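**Student:** I am attaching a structure below and will ask some questions about it afterwards.
The values are calculated or read from the model by the stated rules, or taken from the named source; none is laboratory data. Worth saying up front: this structure is predicted, and the values here are computed from it rather than measured. Backbone-built Cβ (ideal geometry, glycine too); neighbour counts: all protein chains shown.
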Amino acid sequence: MSKPDLAALRAHAIGVLAEAGVPSPEADADLLIGHVLGMSRGQVQAKALIGAPVDAEQVMTITEYIERRATREPAQHITGLAPFRTLELAVGPGVFVPRPETEFVVQFAIDALAAVPSPEPLAVDLGSGSGAIALAMAVEVPHARVIAVENSVAAVPWTSRNVARWGDERVRLVVADLADALPELDGTVDVVASNPPYIPEGAVPRDPEVRLFDPPAALYGGADGLDAVHALTATARRLLRPGGTLVIEHGELQGAAIAAIVRAAGFTAIATHRDLLGRDRATTAHR
């Protein structure tokens, strides 16, 4: 294994990850190999077919990455990058790794923001983490202004880094608790979006990548998982202008409970939306 060709290296990597119980060993092997070699997954597969050589230093790095992934460290932590819609976000210890489910949810916020009849609509992302939701709104609705609110000491450096790269001076990071953020903007915001911590404290995630590496503050939302939802709903009620839109991501069993919370706060046009697998995933409502 000191100087294998790419086919042998790839086969070995897939075997190591499969034995470790990684859910997608082939995809993750290609991702990590491609990251080191500067190739796409398709290019890795094509080069492996012809047995392309790999130099010794690259072999060492790939081997290290595969060994780390075999401990169930997230691939995004190993590469330092997480794809999200059109973005490539910097991530690592201390910040929640954005998920494909949120790519679906943020579309509701993007559509609502794009529909605002204003030359410069305003959106707020409460509990921004890596900045994924805020930056997707800003990039895909380029005439909008967006504020990313985050209060985690560990997450804020990642938010700041991604805002600096992708924000184009239209995204502002505010370090504040979502419960009392931005009082100066009360009644002026067009869209409030959030992916809050919504896992009940007793429902420990099965996947080690989540359980061991995502920050607990980004996962657990109290006994029923709804503590942060109560807080952000009250904040959204305060921030949004009449007719403004609230978008909340949540777990598949929480749609009815969140609709009730939002309704009790005075919101209207409440709708629960299912993801591509048919699971309740987002709630939208109007102020």
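**Student:** Kindly indicate which of 116, 191 is out of contact with any Asp or Glu (no Cβ under 8 Å at 6 or more places or on another chain), assigned by TED's automatic domain parsing to the domain that holds residue 225 and either assigned to a helix (DSSP H, G or I) or of a type in the set (Val, Ile, Thr) (or both).
**Tutor:** Answer to the check: 191.
**Student:** In segment 85-115, how many are under 16 Å from residue 191 (Cα atoms) and surrounded by fewer than 18 Cβ atoms within 10 Å (Cβ to Cβ)?
**Tutor:** Number satisfying all stated conditions: 4.
**Student:** Collect the residues in segment 249-280 that are acidic (Asp, Glu) and surrounded by fewer than 21 Cβ atoms within 10 Å (Cβ to Cβ), keeping them in residue-number order.
**Tutor:** Of everything in segment 249-280, those that are acidic (Asp, Glu) and surrounded by fewer than 21 Cβ atoms within 10 Å (Cβ to Cβ) turn out to be 252, 275, 280.
**Student:** Okay, next question. Which of (1) under 24 Å from residue 107 (Cβ atoms); (2) acidic (Asp, Glu); (3) in a helix (DSSP H, G or I) is the odd one out, the single condition residue 214 does not satisfy?
**Tutor:** Looking at each condition in turn, residue 214 falls short on (3).
**Student:** Can I ask one more? Looking at segment 209-228, I want the residues that are touching a residue at least 12 places away in the same chain (Cβ under 8 Å) and have a partner that is outside any loop (DSSP other than H, G, I, E, B) with Cβ atoms under 6 Å, at least 6 apart or on another chain. Which pairs are those?
**Tutor:** If the second residue must be outside any loop (DSSP other than H, G, I, E, B), the pairs left are 219/199; 220/199; 221/227; 221/228; 225/199.
**Student:** Testing residue 47 on (1) buried (at least 20 other Cβ atoms within 10 Å of the Cβ); (2) modelled with pLDDT of 95 or more; (3) not assigned by TED's automatic domain parsing to the domain that holds residue 167, one condition comes back false. Which one is that?
**Tutor:** Residue 47 satisfies every listed condition except (2).
**Student:** Does residue 82 meet the test of being hydrophobic (A, V, I, L, M, F, W, C), in contact (Cβ under 8 Å) with a residue 40 or more places away in the chain and buried (at least 20 other Cβ atoms within 10 Å of the Cβ)?
**Tutor:** Answer is yes for this residue.
**Student:** Would you be able to say whether some residue in segment 20-31 is without any contact (Cβ under 8 Å) to a residue 60 or more places away in the chain, more than 24 Å from the chain's Cα centre (by Cα) and more than 23 Å from residue 83 (Cα to Cα)?
**Tutor:** Checked against the condition, which is being without any contact (Cβ under 8 Å) to a residue 60 or more places away in the chain, more than 24 Å from the chain's Cα centre (by Cα) and more than 23 Å from residue 83 (Cα to Cα), segment 20-31 yields at least one hit.
**Student:** Please determine whether any residue of segment 96-113 is assigned to a helix (DSSP H, G or I), modelled with pLDDT of 95 or more and among the small types (Gly, Ala, Ser).
**Tutor:** Yes - at least one qualifying residue is present in segment 96-113.
**Student:** Here's something else I'd like to know. Whether any residue in segment 203-225 is aliphatic (A, V, I, L, M), at pLDDT 95 or above and either more than 20 Å from residue 154 (Cβ to Cβ) or crowded, with 16+ Cβ neighbours inside 10 Å (or both) is what I want to check.
**Tutor:** No.
**Student:** Please go through (1) surrounded by 17 or more Cβ atoms within 10 Å (Cβ to Cβ); (2) outside any strand (DSSP E or B) for residue 246 and return the number of the only condition it doesn't satisfy.
**Tutor:** Condition not satisfied by residue 246: (2).
**Student:** Among the residues that make up segment 192-201, is at least one of them at pLDDT 95 or above, of a type in the set (D, E, K, R) and farther than 22 Å from residue 105 by Cα?
**Tutor:** Looking through segment 192-201, none of the residues is at pLDDT 95 or above, of a type in the set (D, E, K, R) and farther than 22 Å from residue 105 by Cα.
**Student:** Kindly indicate whether any position in segment 162-179 is in a strand (DSSP E or B), acidic (Asp, Glu) and either within 19 Å of the chain's Cα centre (by Cα) or on the phi > 0 side of the Ramachandran plot (or both).
**Tutor:** The answer is no, given that none of the residues of segment 162-179 is in a strand (DSSP E or B), acidic (Asp, Glu) and either within 19 Å of the chain's Cα centre (by Cα) or on the phi > 0 side of the Ramachandran plot (or both).
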